[in-house]
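One structure is given below, encoded as structure tokens.
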Amino acid sequence: QAQLVESGGGLVQPGGSLRLSCKASRITFTLYTLAWYRQAPGKQRELVATITPSRISNYADSVQGRFTISTDNDKNTVYLQMSSLKPEDTAVYYCNAVFNVLTYWGQGTQVTVSS
């Protein structure tokens, strides 16, 4: 069974930075489209960023220019570098991997932006 494990969440002040990591196991990492989603309390889960197998990235308008998605194929890990964080970025962040009909989710990591 494939597994995605996120890490790197925490409490950060507005304007600060965090880097989330998601390590994948038991999948052929380079075949998958990888993504980060987030879900704030009382809101629907929303797409934050994606990166394709050819490593083309896309971002939600709300994070464009502040967040960067990247991968390390040797470590089977996808990252989300978050900068200039705002209180509205507070959410549980989830890693996602998709290949054809196969979809996997991580358990989520909490990011709280507060002074």
Review point. For segment 5-33, how many residues are touching a residue at least 60 places away in the same chain (Cβ under 8 Å), open to solvent by less than 70 Å² (accessible area, probe 1.4 Å) and in contact with a Leu (Cβ under 9 Å, 6 or more places away or on another chain)?
Key: 16
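Open to solvent by 50 Å² or more (accessible area, probe 1.4 Å), at negative phi and part of a strand (DSSP E or B) - does that describe any residue in segment 71-79? Don't jump to the end; show me each part of the working.
Of the residues in segment 71-79, the ones open to solvent by 50 Å² or more (accessible area, probe 1.4 Å) are 73-75.
Within this subset, residues satisfying the condition of being at negative phi are 73-75.
If we keep only those that are part of a strand (DSSP E or B) too, we end up with none.
No, there is no match, as no residue in segment 71-79 is open to solvent by 50 Å² or more (accessible area, probe 1.4 Å), at negative phi and part of a strand (DSSP E or B).
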Check your understanding: Which condition number in (1) modelled with pLDDT of 95 or more; (2) assigned to a loop (DSSP other than H, G, I, E, B); (3) out of contact with any Gly (no Cβ under 6 Å at 6 or more places or on another chain); (4) surrounded by 12 or more Cβ atoms within 10 Å (Cβ to Cβ) is the one that GLN44 fails?
Key -> (4)
Study note, to complete from the structure: If you go through TYR37, TYR59, the only one that is farther than 23 Å from VAL101 by Cβ, hydroxyl-bearing (Ser, Thr, Tyr) and within 12 Å of the chain's Cα centre (by Cα) is TYR59
Point to revise | Pairs where the first residue, in segment 61-88, is without any contact (Cβ under 8 Å) to a residue 60 or more places away in the chain and the second is assigned to a loop (DSSP other than H, G, I, E, B) and open to solvent by 10 Å² or more (accessible area, probe 1.4 Å), C-beta under 7 Å, 6+ apart | key: ARG66/SER83; ARG66/SER84; THR71/ARG55
Practice item. Determine whether TYR94 is within 16 Å of ALA2 (Cα to Cα), surrounded by 15 or more Cβ atoms within 10 Å (Cβ to Cβ) and within 13 Å of the chain's Cα centre (by Cα). Key: yes
Review point. Is there a residue being part of a loop (DSSP other than H, G, I, E, B), in contact with a Ser or Thr (Cβ under 8 Å, 6 or more places away or on another chain) and at pLDDT below 95 anywhere in segment 60-70?
Key: no
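The values are calculated or read from the model by the stated rules, or taken from the named source; none is laboratory data. Just so you know, these numbers come straight off a predicted model, no measurement behind them. Positions of Cβ are backbone-derived with ideal geometry, glycine not excepted, and every protein chain shown enters the neighbour counts. Ligands, DNA and RNA are excluded from the accessible area calculation, which covers all protein heavy atoms including side chains. Shrake-Rupley method; radii C 1.70, N 1.55, O 1.52, S 1.80 Å.
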